[in-house]
Amino acid sequence: PDAAADAAPEATAAAHVAAYTASAELVAAAFAAADPAGAAWLPEISTARPFPVPLARSFHLIDYVAHSWDVARTLGTTVAFDDDVLAEAVRVAELVPDDESRTGERAFFRPRLPVPDDAVPLDRFLLLLGRDPAWAPPA
């Protein structure tokens, strides 16, 4: 067996984790330096207007939570979040309009799925954004 080839997946994974961590730190630093009363341009959402900094920050929060779940589920594992992170993510997900913007080719989220009253916070978050908490990749 080739030791270098066997080590490659771990090295690649470590490089991806390092790149993601660096990216997240840059976003966190940018928001920490931003005037909370100011505005931020998010051209991936709208080129027509900037968004209040707290709202822009909340968009990134739900992206991080949703995509962390996406990646974990795709890899056949789970992800856990602090209760306060999930509470805020649910609060923001409840504010995302559930309209025709969720059905287009460039939709950020799918239409909401039914949310049972007793849904745990992560499931509630996922369902609000049109993700099925029971989804699993094909075997």
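Here, each number is a calculation from the coordinates, and none is a lab measurement. Here the structure is a predicted model, which means the values were calculated and not measured. With ideal geometry, Cβ positions are generated from the backbone for all residues, glycine too; neighbour counts draw on all protein chains shown.
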ask   = Alpha carbon centre of region 40-81 versus region 10-29: separation in Å?
value = 16
ask   = How many nm is it between the label spots at residue 8 and residue 45, if each spot is 7 Å from the Cα in line with the beta carbon?
value = 4.0
remark   = Of the candidate values (1) 50, 45, 34; (2) 55, 39, 32; (3) 42, 36, 28, the one computed for Cα extents along the principal axes in Å from this structure is (2)
inquiry  = Relative contact order for the chain: what percent, with Cα pairs under 8 Å and sequence separation of 6 or more?
reply    = 15
